[in-house]
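Scroll down for the structure; my scribbles are underneath it.
FYI, it's all coordinate maths here, none of it is from the lab. Owing to the predicted nature of the structure, the values given are computational and were not obtained by experimental measurement. For neighbour counting, all protein chains shown are included, and Cβ atoms are generated from backbone atoms with ideal geometry for every residue, glycine included.
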Amino acid sequence: MSLYAIGDLHLHYQSVLKAPSQLRDRIWKKHEEKFRKNCEKLITDEDTLVLVGDHSWGRDLSECEQDLKYIRDLPGRKILTRGNHDMFWDVKKTQYLNELYNPELTFLQDSYETYRDYALVGTKGFTFEGPFYLDSRGRIMGWDEEEEAHAEKLVKRELVRLRKSFELAKAAGYRKYIMFLHYPPTNILEKRSGFTDMAEEYGAEQVIYAHCHGESRFYDSIHGEYRGRNYHLTSGDYLRWKPLKILE
Ligand SMILES: [Fe+2]
Ligand SMILES: [Fe+2]
C-alpha cells in the first residue's frame, strides 16, 4: 500500500490544445500513454494516487468527460485537487462532482482525505508570478505592484481554505499531515510564505506541489528539506510522467 502524487496532466481528449510547449516539447509527446503505462507498472488497487491539479484543458465539464474517464480508469484510488486551469471545477461545484464520480474519483476541496494515520489536506494555493521587470542581464529590477496586491488577496483566500482543511482533519483527531498545493508554496521572490508557515504550524511532514512545468520553472520554489518539512515538485513533465511515491 503506497501513496503517490503527480500534477499537470493537462489532458485534452475533447478540448483544443493551445499550450505551445505541449505541442512542441518531446516530453509531452503521447504523455497520456507514457503516464498510463507508468501507473499500470507502479500502482495497484491498494494504492492511492493524488493528482494535484491542471487535469484538463477543457473549458467546462462536457469538454472534460473523457479526460476524467481516463483518470478514472487508472489503477488505485484517485484523489484530485484543483489547478488554475481546471475550468470544469468551480469550488461550489465540488459536492456535485463528488456525487457524480463517487466512488471512483474524490475531489478534495475544503475537506480532507485519509491515508493510514495521515490526513491529506490541501487547496489550489496561489502565488505571484509577475510580470517582473528585468535588467539587461536578466536580473529582477521590479515587478507589477498592482498584480502583486491582487495576488496577495488570492493567497489570503487560499490560506483560509487550507486552514479549513487542516482544522477539519485536526478536529477528527488526525495529527499527521501531508499538504497538497497546485501552485508552488513560494514565489521566486520569497524564501517562505503563508503556505510554508501553515505547513510548519500544523507540522505537515511533506508539502507536495506542481504547476511549475517547463525546465525553466522547475526550481522556482523549494525542493527537499526546508525548516523540518519535505517539499516536492510533482509536475508531470518534471517527474517524466512517473508518479512520485510519497508514503509507503
Ligand atoms: Fe499546469
Ligand atoms: Fe497550473
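Here are the numbers:
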{"read-out": "For the chain: Kirkwood Rh in Å [reciprocal of mean 1/r, alpha carbons]", "value": "18.4"}
{"read-out": "Karplus-derived HN-Hα couplings along the stretch 208-223 (A = 6.51, B = -1.76, C = 1.60, θ = phi - 60°), whole Hz, x at Gly and Pro", "value": "10, 9, 9, 6, 7, 10, x, 3, 5, 10, 4, 10, 5, 9, 7, 10"}
{"read-out": "Candidates Lys156, Lys176, Lys92: whichever shows maximal mean-square fluctuation once the chain is modelled as a Gaussian network with Cα springs under 10 Å", "value": "Lys92"}
{"read-out": "Extent along principal axes [Cα atoms of the stretch 115-248; Å; largest to smallest]", "value": "53, 33, 23"}
{"read-out": "Built amide H within the under 5 Å cut-off of Cys64, gap 5+", "value": "none"}
{"read-out": "For the stretch 42-137: span of alpha carbons on each principal axis (Å, largest first)", "value": "53, 35, 28"}
{"read-out": "Sites Gln66 and Glu215, calculated FRET efficiency, Cβ-Cβ separation with R0 30 Å, nearest 0.05", "value": "0.55"}
{"read-out": "Global geometry of the stretch 1-62, whether rounded, prolate or oblate, following the gyration tensor of its Cα atoms and the 1.5 cut on a/c", "value": "prolate"}
{"read-out": "Length gained when the stretch Lys93-Met141 is fully extended (0.36 nm per residue, less Cα-Cα span)", "value": "13.2 nm"}
{"read-out": "Amide H contacts of Trp143 (H built 1.01 Å from N, under 5 Å, at least 5 apart or other chain)", "value": "Tyr133"}
{"read-out": "Largest-first principal axis extents of the Cα set of the stretch 19-96 (Å)", "value": "36, 35, 18"}
{"read-out": "Relative contact order, percent, the chain [alpha-carbon distance under 8 Å, six or more residues apart]", "value": "23"}
{"read-out": "Among Thr196, Ile27, Ser2 - extreme Cα towards positive end, dipole of the chain, charges at beta-carbon", "value": "Ser2"}
{"read-out": "GNM top mover of Ser235, Ser21, Ser56 - the chain, alpha-carbon springs below 10 Å", "value": "Ser21"}
{"read-out": "Signed unit charges on C-beta, dipole axis of the chain, positive-most listed residue His213, Leu239, Tyr226", "value": "Leu239"}
{"read-out": "Eligible aspartates and glutamates near Lys41 by straight Cα distance, threshold 19 Å, same-chain separation 8 or greater", "value": "Glu32, Glu33, Asp73, Asp237, Glu248"}
{"read-out": "Estimated FRET transfer efficiency (Ala172, Glu46; beta-carbon r; R0 25 Å; 0.05)", "value": "0.65"}
{"read-out": "Distance between the stretch 199-219 and the stretch 55-89 - C-alpha centres, whole angstrom", "value": "21"}
{"read-out": "Choice from Phe88, Phe107, Phe166 showing the highest fluctuation, given a GNM over the chain with Cα pairs closer than 10 Å", "value": "Phe88"}
{"read-out": "Close Lys-Lys pairs in the stretch 48-164, where close means Cα under 27 Å and separation is 8 or more or interchain", "value": "21"}
{"read-out": "Dipole in debye (nearest 20) - the stretch 1-153, about Cα centre, beta carbon charges: Lys, Arg +1; Asp, Glu -1", "value": "660"}
